[in-house]
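Beneath this line is the structure, given in structure tokens, with notes to follow.
The values are calculated or read from the model by the stated rules, or taken from the named source; none is laboratory data. Computed from a prediction, not measured in an experiment: that's the story for all the values here. No Cβ is skipped: glycine too gets one built from the backbone with ideal geometry, and neighbour counts run over all protein chains shown.
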Amino acid sequence: MKMSKNVLQFATHNPDLFAMFADYWNHYNAINSDKKIEYLKFNKDGKPITFEEKEEQLNAAIVKEVLRRANVPYAAEGSIAELFTHPLVRHETFAVVGALIDMVLPLSIIESIGLYSEVRQVGFGDSQSFDVEPRDLFVVSKAGQSQRHAEFHRQFKGQVTITTEFREISVSVSLYRVLAGMDSLANLVSKAILSMERQISIDAYNAFATACAALDSTATTGLLVAGYSQAGLTRLCQQVTAWNNGAKAVIAGTQLALQNVLPSDANYRYDLSHPYVTLGYLPQVFGYDILMLPQVANLTTPFGVNVIADDRLFVVSPSSQKIIKVVLEGQTLSFADQTSDSANLAQGSTLLKSWGVGVATNSVAGLMTL
């Protein structure tokens, strides 16, 4: 996905800062998740560089960029007491934070829900409409030698508009500590991205699961099948592939759900090096690939029911039109309190991001409940 215009314009004067944050974000993800992500292990001088060193350098680069945009002389950096009360410094601090979020957030979302979701960015005040083309093909009719036309057919596109709405994240930040290098602004940006990515992923999954739960459950013809069986899952994959005009289906679910996908023959054998043991599920079965959906914790019920159901197997065709559409509207906005509004001189800051999620597709998907 291309960067949005506001990020490209914002980065014009300091592309190195955005390159530093991109590498920092990759390193942050590599440490805090099981994602296999490449990041720089050596600095420009060829010496090894640690994550802590990157964070320190990035924070210094962010502060320097904030002062440049606030038009504060570089020589005045030493006067922290003067700088953290400067209204433009406060404004530009969160403007830079918003730009860094907008640079990474779309790609981060695609990594999480790209299997069944399409992500688009629009400007403020814009609505995003998606064309839904007919999946049907033209009827081929037999014709006599004296027949000019068969029955006429014409196809029309449908259209679905996704509306967006604002979401907010409110945090308390000590600008004094940030400018003095005691608090990490880079870490705050990373947590804000993870928080937004998590909520967008939940919104998209809930829309996807709701759409699949409404499928027809008629025996032998329905795309909603209750109870696992090898024959039932194979039929479901075959139907989804056929009705998506040959776009190969894949089986998706959480690791706990995918552990149930096994051949019906009870005489199978596997050793300790088998993928079922090392991965926890079969990477391919019955001629179809299997993809694991990373589980998302439900923070409202600690250690209880997770967001993604562990008793669902989803069958989708990733190469066909995505089922869920995610629309990100405009850039991340922010506003902060005055320096002296809080008794401890910390600034209450709110980050605002507008997005919308909906179903708009001509693709067919299937669901098997375990």
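Regarding LEU370, is this residue surrounded by fewer than 20 Cβ atoms within 10 Å (Cβ to Cβ) and in contact (Cβ under 8 Å) with a residue 60 or more places away in the chain? Reasoning before the result, please.
Values: surrounded by fewer than 20 Cβ atoms within 10 Å (Cβ to Cβ): yes; in contact (Cβ under 8 Å) with a residue 60 or more places away in the chain: yes.
When the stated conditions are applied, LEU370 passes them.
Just so you know, in the stretch 107-149 the residues that are loosely packed, with under 13 Cβ neighbours inside 10 Å and of a type in the set (D, E, K, R) include one that is nearest to PHE10 (Cα to Cα), and it is ASP126. When ASP23, ASP34 are checked against the criterion of being under 24 Å from the mean Cα position of the chain (by Cα), modelled with pLDDT of 90 or more and either part of a helix (DSSP H, G or I) or in the same structural domain as ALA192 (by TED's automatic domain parsing) (or both), a single residue qualifies: ASP23.
If the condition is being out of contact with any helix residue (DSSP H, G or I) (no Cβ under 7 Å at 6 or more places or on another chain), of a type outside the set (Lys, Arg) and surrounded by fewer than 11 Cβ atoms within 10 Å (Cβ to Cβ), then the stretch 33-49 contributes ASP34, PHE42, ASP45, GLY46, PRO48.
Going by the conditions given, is VAL240 closer than 16 Å to PHE208 by Cβ and assigned to a strand (DSSP E or B)? It would help to see each step written out before you state the result.
Details: closer than 16 Å to PHE208 by Cβ: yes; assigned to a strand (DSSP E or B): no.
Considered against the rule, which asks whether it is closer than 16 Å to PHE208 by Cβ and assigned to a strand (DSSP E or B), VAL240 comes out as no.
The set of residues from the stretch 5-25 being of a type in the set (A, V, I, L, M, F, W, C) and without any contact (Cβ under 8 Å) to a residue 12 or more places away in the chain comprises LEU8, ALA19.
Of everything in the stretch 210-220 that is among the aliphatic types (A, V, I, L, M) and in a helix (DSSP H, G or I), the residue that is surrounded by the fewest Cβ atoms within 10 Å (Cβ to Cβ) is ALA213.
Candidates VAL104, VAL173: the one that is buried (at least 17 other Cβ atoms within 10 Å of the Cβ), of a type in the set (A, V, I, L, M) and either more than 19 Å from the chain's Cα centre (by Cα) or not assigned by TED's automatic domain parsing to the domain that holds SER334 (or both) is VAL173. Condition check for GLU52 on (1) more than 14 Å from SER108 (Cα to Cα); (2) modelled with pLDDT under 90; (3) surrounded by fewer than 16 Cβ atoms within 10 Å (Cβ to Cβ): one failure, at (2).
Kindly indicate which of TYR270, TYR281, TYR276 is of a type outside the set (Val, Ile, Thr), more than 25 Å from THR220 (Cα to Cα), in contact with a Phe, Trp or Tyr (Cβ under 8 Å, 6 or more places away or on another chain) and not in a helix (DSSP H, G or I). Walk me through how you get there before you give the answer.
Working: TYR281 fails: in contact with a Phe, Trp or Tyr (Cβ under 8 Å, 6 or more places away or on another chain); TYR276 fails: not in a helix (DSSP H, G or I).
Selected residue: TYR270, the only one of TYR270, TYR281, TYR276 that is of a type outside the set (Val, Ile, Thr), more than 25 Å from THR220 (Cα to Cα), in contact with a Phe, Trp or Tyr (Cβ under 8 Å, 6 or more places away or on another chain) and not in a helix (DSSP H, G or I).
Across the stretch 221-231, the number of residues qualifying as crowded, with 17+ Cβ neighbours inside 10 Å and out of contact with any Gly (no Cβ under 8 Å at 6 or more places or on another chain) comes to 1. Residues in the stretch 260-273: is at least one closer than 24 Å to GLY114 by Cβ, surrounded by 15 or more Cβ atoms within 10 Å (Cβ to Cβ) and either free of Cβ contacts under 8 Å to residues at least 60 places away in the same chain or not charged (D, E, K, R) (or both)? Yes, some residue in the stretch 260-273 is closer than 24 Å to GLY114 by Cβ, surrounded by 15 or more Cβ atoms within 10 Å (Cβ to Cβ) and either free of Cβ contacts under 8 Å to residues at least 60 places away in the same chain or not charged (D, E, K, R) (or both).
So in the stretch 64-89, with the set limited to residues that are in contact with a helix residue (DSSP H, G or I) (Cβ under 6 Å, 6 or more places away or on another chain), part of a helix (DSSP H, G or I) and of a type in the set (A, V, I, L, M, F, W, C), which one is modelled with the highest pLDDT? Show your work before the answer.
So in the stretch 64-89, the residues in contact with a helix residue (DSSP H, G or I) (Cβ under 6 Å, 6 or more places away or on another chain) come out as 65-66, 69-70, 80, 83-84, 89.
Retained after the next criterion (residues that are part of a helix (DSSP H, G or I)): 65-66, 69, 80, 83, 89.
So of that shortlist, the ones also of a type in the set (A, V, I, L, M, F, W, C) come out as 66, 80, 83, 89.
On the way: VAL66: 87, ILE80: 67, LEU83: 75, VAL89: 84.
Ranking the candidates gives VAL66 first.
Restricting attention to the stretch 7-20, the residues that are in a loop (DSSP other than H, G, I, E, B) and closer than 16 Å to VAL189 by Cβ add up to 1. Tell me, yes or no, whether the stretch 253-272 has at least one residue that is under 23 Å from GLU111 (Cβ atoms), of a type in the set (Val, Ile, Thr) and outside the structural domain of SER195 (by TED's automatic domain parsing). Yes: the stretch 253-272 contains one or more residues that are under 23 Å from GLU111 (Cβ atoms), of a type in the set (Val, Ile, Thr) and outside the structural domain of SER195 (by TED's automatic domain parsing).
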